[in-house]
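Working notes, beginning with the structure itself.
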Amino acid sequence: GTIIEGDITTNGDIRIDGTLSGKIVSDGKLVVGQTGIVEGEIVCKNADISGTIQANIHVKELLLLKSTANITEDIKTSKLVYKERVKFKPGKNTLQIKQAVRETGKTKGVEKLDGITDVGFRIEKIE
């Protein structure tokens, strides 16, 4: 398969089915197929992962981990959905759910990645 070494920045969606060693920044959706491997860092709006991620992941909105996903590093996301059989790094994993509390109508939510405004958590069973 294709191997890319270096950083990628895009305003649109991107799909990885080969290997990327570096940082990927996308204002759109990142899709990593079953044969895809990302090593480095991921920053994007949405992500749909079926492959192997050996990178810290920072997703502004929705991170969907399919049953073939293999995650070895840290995840920061507003909404996480994952199917049964997703593989996380071996050993203990900690789930921290944090939500900023604001007085209604007084403070606007931050739209940038460093200010996640919603919290969602769901585990779905494979049919």
If we sort 2-15, 49-62 on the protection proxy, mean other Cβ atoms within 10 Å, highest first, what's the order?
49-62, 2-15
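For the range 1-73, what D do you get in µm² per second when you plug the Kirkwood radius from alpha-carbon pairs into Stokes-Einstein at 25 °C and 0.890 mPa s? It would help to have the intermediate numbers written out before the result.
Numbers: Rh = 11.6 Å.
Stokes-Einstein gives a translational diffusion coefficient of 212 µm²/s.
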The range 20-31 - phi-based ³J(HN,Hα) in whole Hz, Karplus 6.51/-1.76/1.60, Gly and Pro as x
10, 10, x, 9, 10, 10, 9, 7, x, 9, 9, 10
Please give the Cα centre distance for the range 61-91 versus the range 1-27, rounded to the nearest Å.
19 Å
Counting only residues 5 or more places away or on other chains, whose amide H sits under 5 Å from the amide H of LYS76 once H atoms are built in the peptide plane?
ILE57, HIS58, VAL59
Please list, in chain and number order, the residues 5+ apart from ASP48 or on another chain whose amide H is under 5 Å from its amide H, with Hs placed from the backbone.
LEU30, VAL31, VAL32, LEU64
Sorted by average packing, counted as other Cβ atoms within 10 angstrom per residue and highest first, what order do 17-23, 65-71 take?
65-71, 17-23
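All of the numbers you see were taken from the coordinates with simple rules; none came from a lab. Because the structure is a prediction, the values reported are computed rather than measured. Heads up, the Cβs are rebuilt from the backbone with ideal geometry, glycines too, and the neighbour counts pull from every protein chain shown.
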